[in-house]
1. Going by the structure shown, is residue 179 modelled with pLDDT of 95 or more and either in contact with an Asp or Glu (Cβ under 6 Å, 6 or more places away or on another chain) or of a type in the set (Ser, Thr, Tyr) (or both)?
2. Residue 127 - would you say it is modelled with pLDDT under 85 and among the β-branched types (Val, Ile, Thr)?
3. What is the residue count in region 119-169 for residues that are open to solvent by less than 40 Å² (accessible area, probe 1.4 Å), not in a loop (DSSP other than H, G, I, E, B) and not aromatic (Phe, Trp, Tyr)?
4. Can you tell me which residue among 91, 111, 162 is touching a residue at least 40 places away in the same chain (Cβ under 8 Å), within 13 Å of the chain's Cα centre (by Cα) and closer than 15 Å to residue 187 by Cβ?
5. Show me the helices (runs of 4 or more DSSP H) found entirely inside region 1-107 where at least 1 residues are open to solvent by less than 30 Å² (accessible area, probe 1.4 Å), at pLDDT below 90 and farther than 27 Å from residue 150 by Cα.
6. Quick check on region 134-143. Is at least one of its residues over 21 Å from residue 70 (Cα atoms), in contact with a Phe, Trp or Tyr (Cβ under 8 Å, 6 or more places away or on another chain) and among the aliphatic types (A, V, I, L, M)?
7. Does residue 141 fit the bill of being under 23 Å from residue 79 (Cα atoms) and at pLDDT below 95?
8. Touching a Lys or Arg at 6+ places or on another chain (Cβ under 8 Å), crowded, with 16+ Cβ neighbours inside 10 Å, part of a strand (DSSP E or B) and basic (Lys, Arg): is that true of residue 116 in this structure?
Amino acid sequence: MKAKTKTRIEITPPDFKILPVRVEGTAPLMLHKFSEKMRKQIEEKQTAKNAIGAKRAPKDYAAEFNAARYRFRNGATHDGIPAGAFRAAMIAACRRVDGLPMTQAKGAFFIIADGRDETDGTPLVKIDGRPQHDTRPVRLESGVADLRNRPRYDTWACNLKIQFDADMLSAQDVANLLSRAGATIGVGELRPQGPNSYGGDFGTWRVMSQKKVPS
């Protein structure tokens with residue numbers, strides 16, 4: 001009986017590199033963080049015995065606006081945007097790229113966060129821009145009209161640090177994919193490829209500069 005020959009599998013070490021890129025908004029950015037107050041209200045409805053007949057408190061527009069902002073820990077004065085939003089946009093842009101399925105793209109690149117949100121720990125990227133108080137009507141799933149108070153950044157930019165697998169992609173590939181995502185996908189509320197809608201025209205960007213990839 002012929003003995004089986006063993007095939008040795010060679011695994012090479014990962015070749016991860018970091019690409020620093022600055023993106024600048026080509027349209028206003030609007031965000032809407034799920035506030036702690038809303039979390040507590042949902043929890044009370046699900047656990048309190050007398051929650052059914054409780055009266056709704058009057059809306060505090062300023063409090064709702066501030067609760068919708070992503071803020072860094074340790075008293076930082078600037079706002080942030082979830083780092084995963086840019087990665088999700090890049091993965092979604094792979095639908096229009098031949099040779100890079102979305103399933104592979106999920107492990108090909110990541111956004112390095114600048115810090116975490118002060119309440120829920122979401123990894124954030126710093127926003128260069130000042131928030132404006134935006135109040136506008138929305139239509140809920142029930143069909144009822146309501147007013148939403150959210151932060152809007154009319155002029156904004158972000159310095160991204162993208163960690164990517166150099167065995168799969170080049171630095172130029174990553175920059176080009178980020179550029180495609182900025183033009184066609186977007187981030188935040190009312191973005192072109194937003195869920196449950198025909199899409200809006202907020203949250204788009206262009207790639208302004210990319211620095212040399214560290215060895």
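1. yes
2. no
3. 12
4. Of 91, 111, 162, the one residue that is touching a residue at least 40 places away in the same chain (Cβ under 8 Å), within 13 Å of the chain's Cα centre (by Cα) and closer than 15 Å to residue 187 by Cβ is 111.
5. Those helices (runs of 4 or more DSSP H) span 102-105.
6. Looking for residues that are over 21 Å from residue 70 (Cα atoms), in contact with a Phe, Trp or Tyr (Cβ under 8 Å, 6 or more places away or on another chain) and among the aliphatic types (A, V, I, L, M), one finds none in region 134-143, hence no.
7. Working: under 23 Å from residue 79 (Cα atoms): no; at pLDDT below 95: yes.
Taking the combined requirement at face value, the residue does not satisfy it.
8. yes
The values are calculated or read from the model by the stated rules, or taken from the named source; none is laboratory data. Given the structure is predicted, the values throughout are model-derived calculations rather than measurements. All Cβ positions, glycine included, derive from the backbone under ideal geometry; neighbour counts span all protein chains shown. Only protein heavy atoms, including side chains, enter the accessible area calculation; ligands, DNA and RNA are left aside. Shrake-Rupley method; radii C 1.70, N 1.55, O 1.52, S 1.80 Å.
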